[in-house]
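Here is the structure we will look at.
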Amino acid sequence: MEFKMKFIVYGAGAIGSLFAALLSENHEVLVVGRKEHIEAIFRHGLIVEGITNGVFYPETEYDGSRYDVIILSTKAYDTETAIKEAVEKFGVMPVVSIQNGLRNEERIAEHVGWENVVGGVTTHGVTFMEPGRIKHAGRGKTLLGGFLSNEMANRIAKAFNESGIETVVTEDIMEEIWRKSIVNSAINGLTALLRCRNGELKKIKEIVMEICEEGEKIAMAYGYDIHDAFERAMEVIDNTSMNYSSMLQDVLNGKRTEVEEINGAIAEMGRKKGINACMNDVITKLIKGMENVRHLG
Ligand code: KPL
């Protein structure tokens, strides 16, 4: 029997749209996102350029039927509102988060219960070009894991893998979420402050290392024994060297960034355990400053 799932990609920005495009080849996919983006997809399909190339046709209108899984890909500061709206509209069902940040899963669990939460991390580099068009700039890997069981995570991983989204199911997804957040805490803030592509950070490895080490100390205080964040960060920098990080894209587009959910969350958790988090603190304050300060040129 053919293996087919029904996915709702809720918050189809850059990363969510890539998943929607690839999954739509083998599965039923409904995209929910900004009006202009969804209208453009309705009119001429979802155009993906870069290492994935083609026009894809996910559904843009809800037909009232029952879906299997929500892929939540909104900005982390929107999780609370998004999951509430999604459950009101589509009902309670398994939800997989492929967002940045440390606090999405607990917010999702409040609305669907831990048995329906699948945590996820992905390191694909994707740029939102214009409504209806994205650029797949760096190939990444995806890790998934459930909190009470891995049954749903395994089904989703099968669908992802068969659609070309390389995915592995892990026994401790929270450790991977910490690892990814530390990697993001080092890459996203610096690229946004320096206004550079990810690959430029190879020239300032020492700062990348210091931020990673600070994050590892804090993760350790919560029982996550992570020692390879710097190596992982350098790997992601290499694989996505031409990409503009999501935080840089937000800054360039004059949008709110996820800094409070990434560096801010790490710093706050550090403070709670009495651990110095000055690197993450300064990055958070500078990026928040940048969101408000008028700069020259
Ligand atoms: O997750 C990312 C992001 O930009 O948010 C990386 C993997 C760093 C790619 O740019």
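The values are calculated or read from the model by the stated rules, or taken from the named source; none is laboratory data. Computed from a prediction, not measured in an experiment: that's the story for all the values here. Using ideal geometry, Cβ is built from the backbone for each residue, glycine included, and neighbour counts are taken over all protein chains shown. The area values use the complete protein model at the heavy-atom level, side chains included, leaving out ligands, DNA and RNA. Shrake-Rupley method; radii C 1.70, N 1.55, O 1.52, S 1.80 Å.
Considering Cα pairs under 8 angstrom that are at least six residues apart, work out the relative contact order of segment 6-171 and quote it in whole percent. If you can, show how the numbers build up before the last one.
Details: 363 pairs, mean separation 38.2, N = 166.
Relative contact order for segment 6-171 comes out at 23 percent.
Which of the trypsin sites (Lys or Arg not before Pro) found in segment 169-272 are loop residues per DSSP with 15 or fewer other Cβ atoms within 10 Å of their Cβ?
Working: sites: R179, K180, R195, R197, K202, K203, K205, K217, R232, K255, R256, R271, K272; in loops: R195, R197, K255, R256.
Passing sites in segment 169-272 are R195, K255, R256.
In segment 48-140, what GluC sites (Glu not before Pro) fall in a loop by DSSP, with at most 12 other Cβ atoms inside 10 Å? Walk me through the numbers on the way to the answer.
On the way: sites: E49, E59, E61, E80, E85, E88, E105, E106, E110, E115; in loops: E61.
In loop regions of segment 48-140 (DSSP not H, G, I, E or B), the sparsely surrounded GluC sites (Glu not before Pro) are E61.
Once you've got the Cα coordinates, tell me which of K84/K217; K135/K272; K35/K217; K6/K285; K75/K272 are over 30 Å apart.
Details: K84/K217 34 Å; K135/K272 39 Å; K35/K217 42 Å; K6/K285 41 Å; K75/K272 25 Å.
Exceeds cut-off: K84/K217; K135/K272; K35/K217; K6/K285.
Would you work out what percent of the accessible area of segment 191-251, with all protein chains in place, is carbon or sulfur (probe 1.4 Å)? If you can, show how the numbers build up before the last one.
Values: 1500 of 2930 Å².
Summing carbon and sulfur atoms, their accessible area is 51 percent of the total for segment 191-251.
What spacing in nm lies between the two simple spin-label points modelled at L148 and E85, each 7 Å away from Cα in the Cβ direction?
For L148 paired with E85, the spin-label model returns 2.8 nm.
Could you state the principal axis extents of the C-alpha atoms in the chain, from the largest down, to the nearest angstrom?
52, 46, 31
Please identify the GluC sites (Glu not before Pro) of segment 149-202 that satisfy two criteria: DSSP loop assignment and at most 12 other Cβ atoms within 10 Å. Which are they? Each step should come with its number before you reach the end.
On the way: sites: E151, E162, E166, E171, E175, E176, E200; in loops: E166, E171.
Passing both the DSSP loop test and the Cβ count: E171.
Alpha carbon centre of segment 1-34 versus segment 62-112: separation in Å?
When both Cα centres are located, 14 Å separates them.
What accessible area per residue, rounded to a whole number of Å², is obtained for segment 6-171 using a probe radius of 1.4 Å? Mind showing how you got there, number by number?
On the way: 6890 Å² over 166 residues.
Per residue, segment 6-171 has an accessible area of 42 Å².
Between exposed chymotrypsin sites (Phe, Trp or Tyr not before Pro) in the chain, where DSSP calls loop and at most 15 other Cβ atoms lie within 10 Å, what's the longest gap?
Numbers: sites that count: F3, Y62, Y222.
Free of exposed loop sites, the longest segment is 63-221.
Give me the extension gain from V55 to I204: residue separation times 0.36 nm, minus the current Cα-Cα distance, reported in nm with one decimal.
Details: separation 149, 0.36 × 149 = 53.64 nm, distance 3.75 nm.
My answer for the length gained is 49.9 nm.
Over what distance in Å are the Cα centres of segment 180-251 and segment 142-179 separated?
22 Å
Between L30, L193, L144, where does the largest GNM mean-square fluctuation fall for the chain, given springs only between Cα atoms within less than 10 Å?
Looking only at L30, L193, L144, the largest GNM fluctuation is found for L193.
Return the single residue from A221, A233, A192 with maximal mean-square fluctuation; model: Gaussian network over the chain, springs between Cα atoms under 10 Å.
A221
Taking 7 Å along the Cα-to-C-beta vector as the label spot, tell me the Y222-K273 distance in nanometres, rounded to one decimal.
Here the answer is 0.8 nm between the modelled labels.
Report the full-extension gain for the segment R66 to E171: residue separation times 0.36 nm, less the Cα-Cα distance, to one decimal in nm.
Numbers: separation 105, 0.36 × 105 = 37.80 nm, distance 2.89 nm.
Taking 0.36 nm per residue and subtracting the Cα distance, the gain is 34.9 nm.
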